[in-house]
1. Determine if the range 269-279 includes at least one residue that is at pLDDT 95 or above, of a type outside the set (Val, Ile, Thr) and touching a Ser or Thr at 6+ places or on another chain (Cβ under 8 Å).
2. Go through the range 154-207 and count every residue that is of a type in the set (Ser, Thr, Tyr) and more than 23 Å from the chain's Cα centre (by Cα).
3. How many residues are assigned to a helix (DSSP H, G or I) and either modelled with pLDDT under 90 or not aliphatic (A, V, I, L, M) (or both) if we restrict to the range 321-343?
4. Collect the residues in the range 322-357 that are small (Gly, Ala, Ser) and touching a Phe, Trp or Tyr at 6+ places or on another chain (Cβ under 7 Å), keeping them in residue-number order.
5. Scan the range 343-353 residue by residue and report those that are open to solvent by 30 Å² or more (accessible area, probe 1.4 Å) and of a type in the set (Lys, Arg).
6. Looking only at residues that are surrounded by fewer than 20 Cβ atoms within 10 Å (Cβ to Cβ) and in a strand (DSSP E or B) in the range 372-406, which one is nearest to the chain's Cα centre (by Cα)?
7. Which of the residues belonging to the range 282-320 are in a helix (DSSP H, G or I) and more than 21 Å from SER55 (Cβ to Cβ)?
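The values are calculated or read from the model by the stated rules, or taken from the named source; none is laboratory data. Quick caveat: nothing in here was measured; it's all calculated off a predicted structure. Glycine also receives a Cβ, built like all others from the backbone with ideal geometry; neighbour counts cover every protein chain displayed. The area values use the complete protein model at the heavy-atom level, side chains included, leaving out ligands, DNA and RNA. Shrake-Rupley method; radii C 1.70, N 1.55, O 1.52, S 1.80 Å.
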Amino acid sequence: MTVAARLLGAAMRRTNARALRFDPDPGGPPVPAPGRRYLLYLHVPFCESLCPFCSFHRIRFQAARAERYFNALGAEIRHYADLGFEFDEVYVGGGTPTVLPDKLAAILALVRNRFPVRDISVETNPNHLTDEVVDTLQAAGVTRLSVGVQSFDNALLKRMGRYQAYGSSEQAVARLARFRDAFRTLNVDLIFNLPDQGADSFARDLQILRDDVRATQVSFYPLMATEATRERMRREMGVAGRDHEFEFYNMISGGLGPEYQADSAWCFSRGAGMVDEYVVDQDDYVGAGSGAFGYLDGRLTANTFSLREYEARIAAGQLGITRSRHLSRREQLRYHLLMRLFGLRLDKAVTRERFGENAWRSLWPEITALKLAGAVRDTGSELRLTRRGMYYWVVMMREFFSEVNRFREAMREQWRVDSRSATARQAEFERAAR
């Protein structure tokens, strides 16, 4: 990692630590702007296996529990419809949203019947690339399928527990190649800078992508470890460092070939389509489901991470939102700068339209620092990331999502504490009753 990247990463950590301090939500339900259409993010937290590196909100899959959850998710979507929201894009993340394909299809049918949806993106794992699941997703209107492969190195897959849960590299390659044209966009997720991941291993991943899989899109995520995952990673995968992160990132652009063009700092496509991080081109979005985040008119929201509380709130006619944070105008500007440049370019006219004529002056310190670091170039109408800036943005987005993951971990720990307290209170009540 370069000195400039370390400094930008440290600055991002300090900024995020302040901006992502959520408070118990005192506000009412969000209100849609008249005539506005939004992106709807749906979170499905169930996984068949819990990977040691993952900090997303996920729990081990149980069919009966997942069925109840999908029912609650449908009710929350209907609540947003009753509030007057209109959605034209849907992104379903997890977890593994395809653990119950028919239930997921029913949710997507509900969304398509209620809203003028034109694009639907769904995440999955390689073992779910079967005729039955793919047919179900196609019939449900899915336009983009994102497959979490993480690595084509069987030794690394075994250390992550993914070989046992989701199949070998050879199986993943065969399934990806078979279904590469089943959707408008087939995306493959890979992680770089894993413990003990050598340059030769990563170069082979790139070769497989380019020559064998030929997916329409590839997203490369830097390893994002939190305090909660670092110890388990050390035991099961080895010690994670960042000494070779820059080297790996430089391999990506040279290893994919001329067919793939950058859509964001870590997403590369052979054609147009939704990118893996919807925050790139969405000013506002709604989050539904346990652990989902939303961003509306400068207000960050977070849904409860407790499935029991989530289902109870939905049954009572409420939304899942339990935490929120109203960003200051300056924080909103910084968020806008971060996300737009993550998508490689920031349109000055759009920024002025959203934040006023003095928006550019307000961002002067940040933009000056980025220019001095060689991260951006000014075309007059736009700011554009340079090749060097793309890596800097990977570092800053890693720090942004790492802070989000730390919040997730704090909320899960609070949920565990509250659950233990509730169990103890129930036991005390039962003893007193006897």
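1. So in the range 269-279, the residues at pLDDT 95 or above come out as none.
No: zero hits.
2. Going through the range 154-207, the residues of a type in the set (Ser, Thr, Tyr) turn out to be 163, 166, 168-169, 185, 201.
Those left that are additionally more than 23 Å from the chain's Cα centre (by Cα): 168-169, 201.
So the answer is 3.
3. Looking only at the range 321-343, we keep the residues that are assigned to a helix (DSSP H, G or I), and these are 329-342.
Filter once more, so that each one left must be either modelled with pLDDT under 90 or not aliphatic (A, V, I, L, M) (or both): 329-332, 334-336, 340, 342.
Here the count works out to 9.
4. If we filter the range 322-357 for residues that are small (Gly, Ala, Ser), which is where we start, we get 324, 328, 343, 349, 356.
Once the filter is applied, which keeps residues that are small (Gly, Ala, Ser) and touching a Phe, Trp or Tyr at 6+ places or on another chain (Cβ under 7 Å), the range 322-357 yields only SER324.
5. Taking the range 343-353 as the starting set, the residues that turn out to be open to solvent by 30 Å² or more (accessible area, probe 1.4 Å) are 345, 347, 349-350, 352-353.
Residues satisfying the conditions are ARG345, ARG352.
6. Filtering first and then ranking leaves ARG384.
7. Taking the range 282-320 and keeping what is in a helix (DSSP H, G or I), we get 307-315.
Answer for the range 282-320, where residues must be in a helix (DSSP H, G or I) and more than 21 Å from SER55 (Cβ to Cβ): ARG308, GLU311, ALA312, ARG313, ILE314, ALA315.
Yes/no matrix, rows are residues, columns are (1) out of contact with any helix residue (DSSP H, G or I) (no Cβ under 6 Å at 6 or more places or on another chain); (2) touching a residue at least 60 places away in the same chain (Cβ under 8 Å); (3) open to solvent by 10 Å² or more (accessible area, probe 1.4 Å); (4) part of a loop (DSSP other than H, G, I, E, B):
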position: SER55; (1), (2), (3), (4): no, yes, no, yes
position: ALA64; (1), (2), (3), (4): yes, no, yes, no
position: GLY84; (1), (2), (3), (4): yes, no, yes, yes
position: VAL92; (1), (2), (3), (4): yes, no, no, no
